[in-house]
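The structure appears right after this line, and notes come after that.
What follows is calculated from the coordinates using simple rules that are stated; it is not laboratory data. In this text the structure is predicted, and so the values were computed from the model without any measurement. So basically every Cβ, Gly included, is an ideal-geometry build from the backbone, and we count neighbours across all protein chains shown.
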Amino acid sequence: MLTNDQLSQWDRDTFFHPSTHLAQHARGESANRIIKTASGVYIEDRDGNRMLDAFAGLYCVNVGYGRPEIAEAIADQAKELAYYHSYVGHGTEASITLAKMVVDRAPANMSKVYFGLGGSDANETNIKLVWYINNVLGRPQKKKIISRWRGYHGSGLITGSLTGLGLFHAKFDLPLAGILHTEAPYYYRRPDLNMSEADFTAHCASELEAMIEREGADTIAAFIAEPLLGTGGIVPPPAGYWAAIQPILKKHDIILIADEVVTGFGRLGTMFGSAHYDIEPDIITIAKGLTSAYAPLSGSIISDKLWKVLEEGTDTYGPFGHGWTYSAHPIGAAAGVANLKLIDSLGLVDNAGITGAYLNTTMEAALADHPHVGEVRGEGMLCSVELVRDRDTRTFFDAGDKFAARVVAAMLKRGVIARAMPQGDIIGFAPPLCLTKSEADTIVSATVDALNEVSA
Ligand code: PMP
């Protein structure tokens, strides 16, 4: 068996890691954790450390680790048919079954699902769909896309542009032209506005409408948003946000893309986050929870109304020129079918609502009086803790303090994995949806202990 030292050497010599400080890693200054195995909500590294993964990988392992039902479905599929493409009308039992299962679970106006590999390529597909549709509809100038500061939609060229986090733009020459960002629906971070929450909602809506009017509604094709800001800080929208935003989009004939890569398949206690917030999207992005990350697979679910335009387009212009070799990959599809069956049979959507609420209320109660906790917030099986230098004046830490990163490191010593969110001192939690109350207690007590240690 290879030793950890050998693997670490190879890692530094050959492995270009995503979202990593490359120089520090190459110098061996950052952790090189080599994960070996996992079961339920626990992962284990090659040194034998067992850790409660309170972020479900990258909020994707919804059903938890080590499910034999999915592993067996993948193995069976690989033996019977590891691959065939889905171009020019080809399908497999797994891909067709999964399409049916996804559309059956989606909002009623949804009609078809296009399968990709990950959330980024699905959003890439979505933007191409929107542009294609507006060309077919004879309005080629209606192409700009509005996204939100702190939104996360991927890290490709278009999707990295849609993402509203500086780290994903800096030095990459992003965002590309035609991608605009409007106010993040992040009430806690705007004390400077000195507004009630209701006024802040109205402010977000009027900022959006002002942008549309400034640019010209005839140039704006779509608005893309997560039902609740995820990577931007796990921030539920201010009250009434979606009710205020949607009429503006309708009025200006702007397509609504709900990016449900995190919220799809149960995380908010509903099958889709759109149901939770009464959102009526035209397109829904799915990935992560679609297979619980047992195999890469994503999708773009599109409404019946838009589908009709696509049909009209191919009748006029010929076959739809957009496809990936691995669209609807049978192994991903087999994983997806087994995964969605498990979500149902284990009642994980309900558990996300119930145990998620328990995690949130327990966390809130435990940290209510902590001088460095500005806000505890969440929805379903998502929770975050916003850390501040001074809670009364709402003064934030300097980025250089790396306060949240230090708390997360102190939690890791206690065997719990949380995530220091990329912008601001925010600790994020997004455990597998099968979390139990006693596992939630473990997360909360590790957070309190770690925070006390670092604060001291
Ligand atoms: N959209 C959202 C809301 C996401 O959270 C993510 C990934 N965290 C993506 C898109 C991109 O997905 P992927 O990393 O699979 O490309």
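Note on segment 312-374: Cα-only Rg and Dmax are 22.4, 64 Å. For the pair residue 437 and residue 239, what calculated FRET efficiency results from E = 1/(1 + (r/R0)^6), where r is the Cβ-Cβ distance and R0 = 25 Å, to the nearest 0.05? Calculated transfer efficiency: 0.35.
Solvent-free Debye calculation, one equal scatterer per alpha-carbon of the chain: log10 I(q)/I(0) at 0.09 Å⁻¹ equals -0.60.
Can you give the relative contact order of segment 328-421 as a percent, counting alpha carbon pairs under 8 Å and 6+ residues apart? Contact order relative to length: 16 percent. Residue order for 196, 384, fewest other beta carbons within 10 angstrom first, comes to 196, 384. Entry for segment 204-299 at q = 0.11, 0.20, 0.22, 0.25 Å⁻¹: log10 I(q)/I(0) = -0.34, -0.99, -1.13, -1.32, Debye formula applied to identical alpha-carbon scatterers, no solvent contribution. Label reach from residue 345 (point 7 Å along Cα→C-beta): in segment 425-451, amide nitrogens under 17 Å belong to 434.
Rounded to the nearest 20, the size of the Cβ-charge dipole of segment 5-162 about its Cα centre is 1080 debye, with Lys and Arg at +1 and Asp and Glu at -1. With contributions of -39500 (n - 2.57) from each DSSP H run of at least four residues, the per-residue ellipticity at 222 nm computed over the chain stands at -12500 deg cm²/dmol. Geometric descriptor of segment 341-402, per residue, is 91 Å³ (volume of the convex hull of the Cα atoms).
Restricted to Cα atoms, segment 371-456 shows a radius of gyration and a Dmax of 12.5, 38 angstrom. For segment 311-373 and segment 229-244, what is the separation of their C-alpha centers, rounded to whole Å? After rounding, the separation between the Cα centres reads 18 Å. At an R0 of 56 angstrom, the distance between the Cβ atoms of residue 413 and residue 312 translates into a FRET efficiency of 0.40. Computed over segment 145-244, the quotient of the alpha carbon radius of gyration and 2.2 N^0.38 Å is 1.06.
For segment 226-250, backbone nitrogen atoms closer than 11 Å to the point 7 Å from residue 278 Cα along Cα-to-C-beta are found at 240-244. Multiplying the residue separation of residue 36 and residue 90 by 0.36 nm and subtracting their alpha-carbon distance yields 15.8 nm. Using only alpha carbons, segment 274-396 has a radius of gyration to Kirkwood radius ratio (Rg to Rh) of 1.14. Based on Cα contacts under 8 Å between residues 6+ apart, segment 69-345 shows a relative contact order of 29 percent. Structure note, pairs 36/79; 36/171; 128/171; 112/171; 128/341; 288/437: Cα-Cα distances above 29 angstrom occur for 36/171; 112/171; 128/341. In terms of its C-alpha gyration tensor, segment 118-166 has an oblate overall shape, because the principal axis ratio a/c (a ≥ b ≥ c, square roots of the eigenvalues) is not below 1.5 and a/b does not outweigh b/c.
Spin-label pair residue 392-residue 29: with each label point 7 Å from Cα along the Cα-Cβ axis, the two points sit 3.8 nm from one another. Need one number: nm distance between label points at residue 445 and residue 190, each 7 Å from Cα along Cα→Cβ, rounded to one decimal. Each label point is offset 7 Å from its Cα along the Cβ direction, giving 4.1 nm.
Among 302, 220, sorting on how many other beta-carbon atoms sit within 10 Å of each Cβ, with the fewest leading, yields 220, 302.
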